[in-house]
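Input: a single structure, listed below in structure tokens.
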């Protein structure tokens, strides 16, 4: 891998790492530690850190009853329509200058202004991290590939409640459209 591969046109996306999603994991400590290091590396390299969160208005007017994934929210116990629910996990909270994107669907692009922000920052390469590997990471990777972005997935900065699904995506599916590396390797290649 090239040292500092297009850093000026690269952004780190930290997706759906919210209290509600982090709490679903058995042990979030390794994930949070890896994401923390990736964020610090990005900031030290003057690379934009873009937080993507899922959030809805009170009562979920954006959620169609036809949407199997999100329609359960209306009657469920997970509240994505409160201010607390949309907060990024405290240990990796955004800092001044970080961009926060609120999305309304699984992909970071759908129902958000992510693409406008990426164009404004002249971003061509996305570095993906987040929860869940089978949700936001997969959907964003597929859409980003269709939009011709270069993509890197930080394997240990993604997690899923189903560890086997995570493993298959990271080792067999994602490498078809993205470079998949550990945060340690990525940080070593992107230090200032």
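When residue 192 is tested against the conditions (1) in contact with a strand residue (DSSP E or B) (Cβ under 9 Å, 6 or more places away or on another chain); (2) at pLDDT below 95; (3) loosely packed, with under 14 Cβ neighbours inside 10 Å, the lone failure is (1).
Checking the stated criteria, residue 118 turns out to be farther than 18 Å from residue 174 by Cα and modelled with pLDDT of 95 or more. For region 162-173, a tally of residues being touching a strand residue (DSSP E or B) at 6+ places or on another chain (Cβ under 9 Å) and either part of a loop (DSSP other than H, G, I, E, B) or farther than 19 Å from residue 21 by Cβ (or both) returns 1.
Among the residues of region 71-103, those identified as over 21 Å from residue 11 (Cα atoms), surrounded by 16 or more Cβ atoms within 10 Å (Cβ to Cβ) and either modelled with pLDDT of 80 or more or more than 18 Å from the chain's Cα centre (by Cα) (or both) are 73, 81. Among the numbered criteria (1) exposed (fewer than 15 other Cβ atoms within 10 Å of the Cβ); (2) without any contact (Cβ under 8 Å) to a residue 60 or more places away in the chain, which single criterion is violated by residue 53? Failing condition for residue 53: (1). Summed over region 135-161, residues that are more than 25 Å from residue 119 (Cα to Cα), out of contact with any strand residue (DSSP E or B) (no Cβ under 8 Å at 6 or more places or on another chain) and either part of a helix (DSSP H, G or I) or modelled with pLDDT of 95 or more (or both) total 1. In region 119-133, which residues are in contact with a helix residue (DSSP H, G or I) (Cβ under 9 Å, 6 or more places away or on another chain) and either touching a residue at least 60 places away in the same chain (Cβ under 8 Å) or surrounded by fewer than 19 Cβ atoms within 10 Å (Cβ to Cβ) (or both)? Within region 119-133, 121, 122, 123, 124, 125, 126, 127, 128, 129, 130, 131, 132 meet the criteria.
The values are calculated or read from the model by the stated rules, or taken from the named source; none is laboratory data. Not measured: the values here are computed from a predicted model. Neighbour counts are summed over all protein chains in view; Cβ atoms, including those assigned to glycine, are modelled from backbone coordinates with ideal geometry.
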